[in-house]
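The values are calculated or read from the model by the stated rules, or taken from the named source; none is laboratory data. Just so it is clear, the structure is predicted and the values come from calculations on it, not from any experiment. Because the Cβ atoms are built from the backbone with ideal geometry, glycine has one as well, and the counts that use them run over all protein chains shown.
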Amino acid sequence: MTRLRLDLAYDGTAFAGWAVQPTLRTVQGVLEAGLATVLRTEVRGEPAPRLTVAGRTDAGVHARGQVAHVDVDPDVLEQVRGRSDRPALDALVSRLAGVLPPDVVVHRATVAPEGFDARFSAVRRRYAYRLSDDAALRDPLLRGHLVWHRRPLDVGAMEAAAAPLVGLHDFAAYCKPRPDATTIRTLERYSWSRDEAGVVVADVQADAFCHSMVRSLVGAALAVGEGRRPVDWPAQLLAARARDAGVHVAPAHGLTLEEVEYPADAEVASRAAQTRARRALEEAAPPPCC
């Protein structure tokens, strides 16, 4: 089998998240159905292709720089060209564009380097969260990607509150618990600013994120930005390592996965092995006691 890397983007508004769910429209489900059509797996009586993604996104969350991989029979891939003389991967991207809905786009398909895994080979993911606290900036054409916030925000206070959270920590206070799942993450970057138009933007980057982590971080920062909580409150929550009812998960539609970064091709296999081993160790270990 040939492993392909797919670079893609999607508008998450009409999706119930990435992962396949019975009776619900998901990004994975739509993409796998599109691949099955283009590769004609059903005609040959074969199972539909299965995708592995760099980071599962929740319902309503968007992606500009998502990455997935899929294993394909090289002979089947070659048949995608049909009678044209264009490269098979170019034909695959072109034919996917013809069967996929307009809220999902596969930008590129490339043969992945040996040992590549879209999820475990990744070294970091970067998200952006966007809000508008100025009525003059509330463009209805952007309502699906920009959260309208009713109260003015002190972005300087939000930036100060974010700084102590950067680093290796147990983010249990900011993650929805899942059985046997670690909440230890390295938050490499977390900053707040206004762009040239005045939109409030959070830039959040980590080696990986646990469930609802980014939106919970945003929710805590908003409480500071509104003046309802002191600047050191998010750090206090982090130290407590327990969910707090005062932390509200920010709306999904303000969040976009901007980029997934991988090491050099020669290092993707070792990175995947290292990540798998670390996750297994963390999930097997007992939770911190103090």
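Points worth noting:
- Pair list, Cβ < 7 Å and 6+ apart or interchain, from the range 34-52 residues that are under 16 Å from Ala68 (Cα atoms) to residues that are among the basic types (Lys, Arg) and part of a loop (DSSP other than H, G, I, E, B): Thr52/Arg119
- Hits in the range 120-133 (condition: over 30 Å from Gly227 (Cβ atoms) and surrounded by fewer than 20 Cβ atoms within 10 Å (Cβ to Cβ)): Val123, Arg124
- Residues of the range 172-193 classified as modelled with pLDDT of 95 or more and either outside the structural domain of Asp134 (by TED's automatic domain parsing) or of a type in the set (Lys, Arg) (or both), total: 1
- Qualifying residue in the range 185-203 (condition: farther than 20 Å from Glu258 by Cα, of a type outside the set (D, E, K, R), outside any loop (DSSP other than H, G, I, E, B) and in contact (Cβ under 8 Å) with a residue 24 or more places away in the chain): no
- Residue in the range 233-241 that is in a loop (DSSP other than H, G, I, E, B), more than 26 Å from Gln274 (Cβ to Cβ) and more than 23 Å from the chain's Cα centre (by Cα) present: no
- When the range 227-271 is filtered for residues that are touching a Pro at 6+ places or on another chain (Cβ under 8 Å) and assigned by TED's automatic domain parsing to the domain that holds Asp203, the ones remaining, listed by number, are Asp232, Pro234, Ala235, Leu238, Arg241, Arg243.
- Residue in the range 161-171 that is surrounded by the fewest Cβ atoms within 10 Å (Cβ to Cβ), counting only those that are in contact with a strand residue (DSSP E or B) (Cβ under 9 Å, 6 or more places away or on another chain) and either assigned to a helix (DSSP H, G or I) or not assigned by TED's automatic domain parsing to the domain that holds Leu222 (or both): Ala163
- Among the residues of the range 172-187, those identified as touching an Asp or Glu at 6+ places or on another chain (Cβ under 7 Å) and either hydroxyl-bearing (Ser, Thr, Tyr) or surrounded by 14 or more Cβ atoms within 10 Å (Cβ to Cβ) (or both) are Ala173, Thr182, Thr183, Ile184, Arg185, Thr186.
- Glu46 meets each of the listed conditions (1) more than 30 Å from Val214 (Cα to Cα); (2) among the acidic types (Asp, Glu); (3) touching a His at 6+ places or on another chain (Cβ under 6 Å) apart from (3).
- Any hit, the range 248-255, residues being among the small types (Gly, Ala, Ser), out of contact with any Lys or Arg (no Cβ under 8 Å at 6 or more places or on another chain), touching a residue at least 24 places away in the same chain (Cβ under 8 Å) and not in a strand (DSSP E or B): no
A quick yes/no check of all residues on (1) buried (at least 16 other Cβ atoms within 10 Å of the Cβ); (2) assigned to a loop (DSSP other than H, G, I, E, B):
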position	(1), (2)
Arg83	no, yes
Asp90	no, no
Val93	yes, no
Gly98	no, no
Pro101	no, yes
Val106	yes, no
Pro113	yes, yes
Ala118	yes, yes
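- From the list Ala33, Ala68, the lone residue that is under 30 Å from Met213 (Cβ atoms), surrounded by fewer than 18 Cβ atoms within 10 Å (Cβ to Cβ) and of a type in the set (A, V, I, L, M) is Ala33.
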